[in-house]
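*Asks:* For reference, the structure I am asking about is given below.
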Amino acid sequence: MSEAFETDTGDEALLMSRRVLMAGGLMLGAAASMPAMGAAAATSGREEGIPTDPAARIAMIRRMRMRADAGPVFWWFRGRNYAQQGAKLIPMCDMIFGALMDIRPTADGGLMTTQYELAFRCALDSGVRAEKLLNPITGTMVDVPFAPVGPTKVVYNAENVLQLPPTIGGSKFTVEHVPELFFRIGDTVCFQTHSRARAETQGQSDRVLNDMSMICSPAAEALDPKRAFASATAYGTDVTDYARWWKMPPGLGTQTLRSAGMKVARYQDMPQDWRDMVAKADPAMAADPMGVLSRAAATYRN
């Protein structure tokens, strides 16, 4: 399945895309609404105890990835970016990412999300936001943009199929969504996501982004139909063309991100180092985090 649309998303944030995640995942439930999804897999033992009913699966995905009722959701990830040349991985920088979302169920059984994402890049093992980084391939210093994503407003219909606005920023994306895979691992329920997108920005070369993640929750929470918000952790891998600000010459491989993160219910539960970086870079956001959802949308800068 593919969709052409315009969106404004960062190089590590096509979540959420996992991190539009954060975002609640741009292509979150399109395949989950298909009746045939998981029918064969359920008999293999991979999905032991996981419902096969489409409505129950949609509800489970929502409580794991976002929430099924109205309220805020916060996701954070931290990870490391690598330059990938064949099978060789060359560390480039560390990244800590945060996303704020407001979730509103709609009267027709759908869900509306408004989200804002902000990633900080750091020199390897420094834990300090970098305004410049050394490109380890070219040996040159590059400027690191301060590039929030959003606020972005998207709607999921009752079947959990994404309904995008005509524009979300300034870049056009063509997205292919791979159906989710569900796993029961002891006392844990996980689902695997994969989205592939081509980003087209006027005056810039195209970028291809593969966003893959595994989102996991305690089975007792994920499978409880009375629960609206399940605690969740996520493990992700992105394989993309280089972010344009790396100023990487053509033909020098791709960029890979490996990351791990968690969903929380309060801004104060986001990592302290990320909140400290927010306070320094955007004091107004630190003082009123949810207020960023009322701002004008930022322009895509990756």
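The values are calculated or read from the model by the stated rules, or taken from the named source; none is laboratory data. For clarity, every value in this text was computed on a predicted model and none was experimentally measured. All Cβ positions, glycine included, derive from the backbone under ideal geometry; neighbour counts span all protein chains shown. Areas reflect the complete protein model, heavy atoms only, side chains present, ligands, DNA and RNA absent. Shrake-Rupley method; radii C 1.70, N 1.55, O 1.52, S 1.80 Å.
*Asks:* I need the peptides 191-199, 123-131 ranked by packing, meaning the mean over residues of other C-beta atoms within 10 angstrom, with the highest value on top.
*Replies:* Those peptides, ordered most packed to least, come out 191-199, 123-131.
*Asks:* Which semi-axis lengths, in whole Å and largest first, follow from the square roots of five times the eigenvalues of the Cα gyration tensor of segment 179-222?
*Replies:* Numbers: eigenvalues 233, 14, 7 Å².
Semi-axes, largest first: 34, 8, 6 Å.
*Asks:* Next up: How much accessible surface does V178 have with a 1.4 Å probe, in Å² rounded to 10?
*Replies:* 60
*Asks:* Moving to a separate point now. So for each of 92-102, 207-217 I average, over its residues, the number of other beta carbons within 10 Å; can you give me the resulting order with the highest mean first?
*Replies:* Ranking the peptides 92-102, 207-217 by packing returns 92-102, 207-217.
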